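Take a look at the structure below.
The values are calculated or read from the model by the stated rules, or taken from the named source; none is laboratory data. Note that this is a predicted model, so its numbers are computed, not measured. Backbone-built Cβ (ideal geometry, glycine too); neighbour counts: all protein chains shown. With ligands, DNA and RNA removed, areas are computed over all heavy atoms of the protein, side chains included. Shrake-Rupley method; radii C 1.70, N 1.55, O 1.52, S 1.80 Å.
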Amino acid sequence: MRTFVYLIFCITCLTGCSILEPMFTPEDVKPWQKGILAKKQMSLKGDPIDEYVDEHIYFSKEGSTGGKGVGGGGCGCN
Amino acid sequence: MAVTKTLKQQLTLAAGALLGHQAADAAESTDASLYNSWTVDVGYLYYSEPDKITVDTYMAMISGNLSDKDTVSLGLVFDTLTGSTPTGALPDSSVAVTGVSGGGAGTVGGGGATSSFDDTRLAVDASWGHEWQRLVRSDVSAYVSVEGDYTAIGGGLGIEKDTEDRAYTFTAAIGGSVDKVSQSNEQTPAPLSELSDAIYYGKGDKNTYDVLFGLSKIINRRTAAMVNITHSRSLGYHTDPYKVISVADADDAEFTTLFEKRPDERERYVLYSKIVHEIPGGDDHLDFSYRYHTDSWDVNSHTVEMGYSFDVRIRHLFKPFGRIYYQQAANFYQRTIVSDDGVLDNLPEYASSDPRLADMLSVTAGLKYQYKTSATGSIDFRLAYIHRQYGSAVVGDDGTLFLTVDLGKGFD
């Protein structure tokens, strides 16, 4: 059992490193190299409907809010 | 010969004129498509807490380019809310909170722990973005939200500046809102007064001011990241006019209930960061965000969100996502006001038993599925479950299910 857990741990670390290494490798990106960054999934603002729904729900049910923009929450949600 | 040359010249001129005209048409057509790129989203949200609230939300958003330098977006939201909401009283309380929108003293689940209500909300928002110079943009936004017991009007102004190589974008924004708060009868109860006293005032006002500084960075051709720091200050009526708190002994034997009272000022600081990344060798995307929130009420919280999207056979996109949120209770939060004899001669300055201000751990797990109906159109389904666990509250742990359906279409 311990060997299995150790194996899973090692695989997780290797997978994590294989994702993190290319994620943080800095690169000088030319304008013609921004095709990937222009994809919808790469938007730092996220999907507008998803963002609105999440903000609305969590604002209504939790004690803290904000961080993504300015202007308040806009409801007295119960 | 001279005639032939003239004819050739005329044919050349005619061909040139024709080609030139076609080129001009093509350029005009390209410009028109560039300046008339619009996106329309129509969405529906179903939100349900068993034995409590049910919300149906209808959303419509449209955004597009007015010119090569101007973008606009408009949003319209209509909510209907029905069910019951926790009052803040102990589960066996006999309190009957009245004045709730369209509802009243009705209870669900027994006692005065909840009161029924029925409300609708209409919200409209608009924004205008403009590019002033090659690397400088602004964004102006405004919104109005109206419901039976709450009106909010707000807006913001943001400036974005790119560096010459567009690797960094700096953002500065200010915002504000004016809220009017009351029970549905346009009254607010006297804070920390007994319900039986029936002391009421007029509507409460709350003004909020926000300042945000942000930085986004293109790390490499597959990764972008951002960080925002926000300061927010609100002044005025922060109390929830429907919430009460039980005065009870150590064994939860209730003597009476009082309307809650919160401070009339709140100052927040929020740090928000996010990173998005495309996994090399495929079309999988990863996003991760972290938010730290702290405020003058000591509601300190940590929020981690993550999502991983992948395509299946081009038209199908799946995105599992998750969120973990932990908050520390507000410094005036109390489950009850403990008293040995029920005598109200030593009340705290502020007190609230609203579970939203309690110690809380909230975990969300969900899945988004997107079917691409065309190159610019899609239908999205997003289903998630939220589990909330409270440290010490008059309500037990609860769960929420929500589903969104979104029809999106781009027009060029």
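Assorted remarks:
- Failed criterion for B:ASP240 (all others in (1) surrounded by fewer than 19 Cβ atoms within 10 Å (Cβ to Cβ); (2) within 30 Å of B:GLU194 (Cα to Cα); (3) in contact with a strand residue (DSSP E or B) (Cβ under 8 Å, 6 or more places away or on another chain) hold): (1)
- Checked against the criterion of being assigned to a loop (DSSP other than H, G, I, E, B) and free of Cβ contacts under 8 Å to residues at least 60 places away in the same chain, the candidates B:VAL299, B:VAL276 yield just one match: B:VAL299.
- Output for the range B:267-296, where each listed residue is of a type in the set (A, V, I, L, M, F, W, C) and within 8 Å of another protein chain (Cβ to nearest Cβ): B:VAL270, B:LEU271, B:ILE275, B:VAL276, B:ILE279, B:LEU286
- Answer residue from the range B:189-218, given it is buried (at least 18 other Cβ atoms within 10 Å of the Cβ) and not in a strand (DSSP E or B) and is nearest to the other protein chains (Cβ to nearest Cβ) among those: B:PRO191
- In the range A:20-35, the residues that are aliphatic (A, V, I, L, M), under 16 Å from the mean Cα position of the chain (by Cα) and within 7 Å of chain B (Cβ to nearest Cβ): A:MET23
- Residue check, B:LEU357 in the same structural domain as B:TYR308 (by TED's automatic domain parsing) and open to solvent by 20 Å² or more (accessible area, probe 1.4 Å): no
- For the range B:77-127, a residue qualifies if it is in a strand (DSSP E or B) and at pLDDT below 85, and the qualifying residues are B:THR114, B:SER115, B:SER116, B:PHE117.
- Filtered by the rule that a residue be open to solvent by 50 Å² or more (accessible area, probe 1.4 Å) and in contact with a Pro (Cβ under 9 Å, 6 or more places away or on another chain), the range B:128-151 gives no residues.
- Remark: B:TYR385 matches the filter, which requires a residue to be modelled with pLDDT of 95 or more and open to solvent by 60 Å² or more (accessible area, probe 1.4 Å).
- Close pairs (6 angstrom Cβ cut-off, 6 or more residues apart or separate chains): without any contact (Cβ under 8 Å) to a residue 60 or more places away in the chain in the range B:66-86, among the polar types (S, T, N, Q) and open to solvent by 80 Å² or more (accessible area, probe 1.4 Å) anywhere: none
- Looking only at the range B:152-178, residues that are open to solvent by less than 50 Å² (accessible area, probe 1.4 Å) and under 16 Å from the mean Cα position of the chain (by Cα) come to 7 in all.
- Selection within the range B:34-76: residues that are touching a Phe, Trp or Tyr at 6+ places or on another chain (Cβ under 9 Å) and not in a strand (DSSP E or B). The member of this set that is farthest from B:GLY129 (Cα to Cα) is B:ILE53.
- Residue ID - surrounded by the fewest Cβ atoms within 10 Å (Cβ to Cβ), chosen from residues in the range B:328-349 that are out of contact with any helix residue (DSSP H, G or I) (no Cβ under 6 Å at 6 or more places or on another chain) and farther than 24 Å from B:ALA253 by Cβ: B:GLU349
- Residue, nearest to B:GLY399 (Cα to Cα), within the range A:36-57, restricted to residues that are within 7 Å of chain B (Cβ to nearest Cβ) and in a helix (DSSP H, G or I): A:ILE57
- Residue check for B:TYR325: surrounded by fewer than 13 Cβ atoms within 10 Å (Cβ to Cβ), assigned by TED's automatic domain parsing to the domain that holds B:PHE255 and either assigned to a loop (DSSP other than H, G, I, E, B) or without any contact (Cβ under 8 Å) to a residue 60 or more places away in the chain (or both): no
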